[in-house]
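First the structure, in the form of structure tokens, and then the observations on it.
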Amino acid sequence: MNKKLITMLVTFCFMLLLAPVSVMAATPTNAPIVIDVGGANVENENYKITDTGINIRKRDVNYELTGTTDKQINFWGSNNPNEVDQAFYLKLNNLVCNGGFIVQNSPVKMVVEVPKDTNNKLKRISANDLTIYGSGVLNTEGFTVTQKTSYMDSALHVTDTTINVNVARNSAEWNGKCVISGNAVLTYTGNGTYAPLQLGVKNGDTTHSVLLEDNAKLICLQDDPETPSEYSVSGLESFGAPITLKDNSYLEAEAKSSTGKYAGFGIISSSPMKVLGNSKVVAKGYDAALSVDNDLEINGGAIKAISKKSNGIYANNLKIENAQIEAEGYYPALFGNNALSISNSTINATSTGDIAIFTRGNLSIENSKVDANAPQDKKGIKARKTTTINQSWITTTGDESYDSINDSVLFNGNDGKVIGNVTVIGEETVSSEKTLIISEGTTLTIPDKAKFTNNGTVVVNGTIINNGQITCTNHSGGKATCIQKAVCELCNQEYGDLLEHNYSTKWMNNEEIHWQECTVCHNHKDESKHIFDDDKDTVCNVCGYERMVNIKTPKIIKGQNSKWKKDSKIDFVFVSDADYSDFVSVSIDGKIIDSKNYVSKEGSTIITLKSDYLNTLSVGKHTISINSTTGSASTEFIIESNEVETPVKDDNKKNDSTSNNQATVNPTIKEETKTTVKAENKEEVKKVKTGDDENIIGVVLLLIGSLVVLTYIRKKKIE
């Protein structure tokens, strides 16, 4: 067989597999039979138009309906089980039928095409097995799939079509297996008396189910939801039809306010419900917004459920995975009656009158972000049995703590703490009024592609590991200096301003200047030269710097080693070469004497010891010190007695030059002594008698004679 032919055949078979089974299974091949419903009365083998209605006579043929009529269009079914697969095939071409489609006798199958760019209006359409496809618009007051019979199952399949149903009375019904797919949008608007749509009405029928897939949408609204009803009026009621949403499908339902004892539910189901993929549910109620008296599984989907007077979401067993949940209610916003588990999800639950998240059974939270808001005196999260929290970010307005909480962040009000080693999931934010403490021994990790934003305060005493992205609008930690701004201990970015220099109060100096120095950058301030009182001052008046000054030690330049005789009326003068401005005092033999005992004057420093004072000193050597700020100039002086010593005659040893008494008996008055005796004492000296005048004269004569003889002898030698 030709390869190209085989390829074409395989492709065709594959296309057949992809095509809608309910449409392709028995699609007629005839050219459409076109009926102008507003035309004249006519009768033929295909249809009949009368004054009272229009009868469609054949199954498994194509009809195209167009035009406008107030008549009803009738379809006859069959009670023959062998004919259950026969169907009426209708194409609506901007049809306006104010009488609607009416099924006569027995249930029928109906396949309706609503072509693109057509806008059609029917008062009512119903069938036991109804298929609608095409991207056109169909407006109606009644859209129902009737209940199963003993020989024909109920079914509904809508693909791509936009159907607007303004329910005129009671409720519309879906029974059997119902599938809404493609880009179909079905909007039911109730009349304020009953729920706009009821699912699986026939009790005990296990064939009921509703599936929303692809991008399909089912919306159940009230015409005037705020005006109270006397009865409970819900948005969507499912009695025996499990509801499943998957892909990007969407379900929305709202209840009506009530003055009666019972309020309306947004969505209420006694059968299980699943919200999968990227599907979304929006429910608004006065009783529970979303109430499933069975298992509710949310995996990958999103739910927004808001109740005025009851629970946001209620289920017997509530399992949430990979989901986004926003629930509000007066009673627990999130209520798992028997059990509640949350994993890999983001939950925002707010209760105005009770616990925000509650279960009578066990509660587990894993890898999730949970925000639970409750009144001041209520817990945010509570389970009657066990509560287990792992790797989650929990924010609760209550003061509760949990025995089994590991590797998580727990905020009680505005105060948060890291417990163990926490890894941020997706995006986390610390709001402006909150404080998060990363205690010593704990770790907060921002993994790749995760984001952490701090608008509040984060105190880092533990460890931050950032492999993702950290943004701080309110930096914290770190310490600024005069040369570097503070570095945020969370995001490691510089922030704030430089500080002023931190100058030490201690003075720094060198040989020429002093200054105060910044302890951080060593910048100088108040730098100036040292200040001394004078050239001899060695210590700076400001910083205490001590300098070396070459100061000549003072010395006595007059009066050194001099003598003074007792009872002399002459003052004793000493001169130091120290500046008189430096003069301090006078010391004699190491003791400072009273200034009345001397006269001091300039030039350089002249000290005159008064004779009255000198007479008080003992005979012998003494030391005078003229004390100045530059030192002391010292010298010795001698105080002599005013008595002259009388020689002692020694007949036995007159000529013994080695006599021990020789010094004391020396009759000779030294020349030096003579020169120091004042004139007024000379007479007294003359009056002193030696006791042997004759011996003295003889000695003198002998000396003169000897001199004459020596002169003569010298002369002879010369001659």
Of everything in the stretch 50-82 that's aliphatic (A, V, I, L, M) and under 19 Å from Arg124 (Cβ atoms), which residue is surrounded by the most Cβ atoms within 10 Å (Cβ to Cβ)?
Leu65
Those residues of the stretch 332-353 which are more than 30 Å from the chain's Cα centre (by Cα) and crowded, with 19+ Cβ neighbours inside 10 Å, in sequence order
Pro332, Ala333, Leu334, Phe335, Gly336, Ala339, Leu340, Ser341
For residues that are acidic (Asp, Glu) and closer than 23 Å to Cys472 by Cβ, scanning just the stretch 397-434, find the one that is least open to solvent (accessible area, probe 1.4 Å).
Glu428
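Scanning the stretch 477-508 for residues that are assigned to a loop (DSSP other than H, G, I, E, B) and either touching a residue at least 60 places away in the same chain (Cβ under 8 Å) or of a type in the set (Val, Ile, Thr) (or both), which turns out surrounded by the most Cβ atoms within 10 Å (Cβ to Cβ)? Please lay out each step first, then the result.
Here is the first cut: in the stretch 477-508, the ones assigned to a loop (DSSP other than H, G, I, E, B) are 477-485, 488-493, 496-502.
Next, from what is left, pick out any that are either touching a residue at least 60 places away in the same chain (Cβ under 8 Å) or of a type in the set (Val, Ile, Thr) (or both): 481, 483.
Values: Thr481: 16, Ile483: 12.
Across the stretch 477-508, the extreme among qualifying residues is Thr481.
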Would you mind finding the one in Ile437, Ile381, Ile394 that is β-branched (Val, Ile, Thr) and open to solvent by 40 Å² or more (accessible area, probe 1.4 Å)?
Ile437
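Are there strands (runs of 3 or more DSSP E) fully within the stretch 509-560 with at least 2 residues that are free of Cβ contacts under 8 Å to residues at least 24 places away in the same chain and either of a type outside the set (Lys, Arg) or within 30 Å of Ala480 (Cα to Cα) (or both)? List them. Explain how you work it out, then say what you get.
Working: elements: 513-518, 524-529, 556-558.
Result: 513-518, 524-529.
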Take Asn120 and decide whether it is farther than 21 Å from Cys178 by Cα and more than 60 Å from the chain's Cα centre (by Cα).
no
Looking only at the stretch 228-254, which residues are farther than 17 Å from Glu173 by Cβ and touching a residue at least 60 places away in the same chain (Cβ under 8 Å)?
Ser249
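For the stretch 605-638, enumerate the residues that are in contact with a helix residue (DSSP H, G or I) (Cβ under 6 Å, 6 or more places away or on another chain) and either touching a residue at least 60 places away in the same chain (Cβ under 8 Å) or in a loop (DSSP other than H, G, I, E, B) (or both). Even if it seems obvious, please write down each step before you answer.
We begin by selecting, within the stretch 605-638, every residue in contact with a helix residue (DSSP H, G or I) (Cβ under 6 Å, 6 or more places away or on another chain); these are 605, 610, 613, 628-630.
Scanning the stretch 605-638 gives Lys610, Ser628, Thr629, Thr630.
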Restricting the first residue to the stretch 325-337 and requiring it to be hydroxyl-bearing (Ser, Thr, Tyr), which pairs with a second residue that is buried (at least 24 other Cβ atoms within 10 Å of the Cβ) and not in a strand (DSSP E or B) meet a Cβ separation below 6 Å and a spacing of at least six or different chains?
Tyr331/Asn311
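Tally up the residues in the stretch 97-116 that are among the charged types (D, E, K, R) and either open to solvent by 50 Å² or more (accessible area, probe 1.4 Å) or more than 17 Å from Trp76 (Cβ to Cβ) (or both), please.
Applying the first criterion (among the charged types (D, E, K, R)) to the stretch 97-116 yields 109, 113, 116.
Among the residues that remain, those that are also either open to solvent by 50 Å² or more (accessible area, probe 1.4 Å) or more than 17 Å from Trp76 (Cβ to Cβ) (or both) are: 113, 116.
Residues flagged as among the charged types (D, E, K, R) and either open to solvent by 50 Å² or more (accessible area, probe 1.4 Å) or more than 17 Å from Trp76 (Cβ to Cβ) (or both) within the stretch 97-116 amount to 2.
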Provide a single number: the residues in the stretch 256-296 that are modelled with pLDDT of 95 or more, farther than 18 Å from Gly200 by Cβ and touching a Pro at 6+ places or on another chain (Cβ under 8 Å).
1
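The values are calculated or read from the model by the stated rules, or taken from the named source; none is laboratory data. Computed from a predicted structure; not experimentally measured. Cβ: placed from backbone, ideal geometry, glycine included. Neighbour counts: every protein chain shown. Side chains included, ligands, DNA and RNA excluded: accessible areas come from the protein's heavy atoms. Shrake-Rupley method; radii C 1.70, N 1.55, O 1.52, S 1.80 Å.
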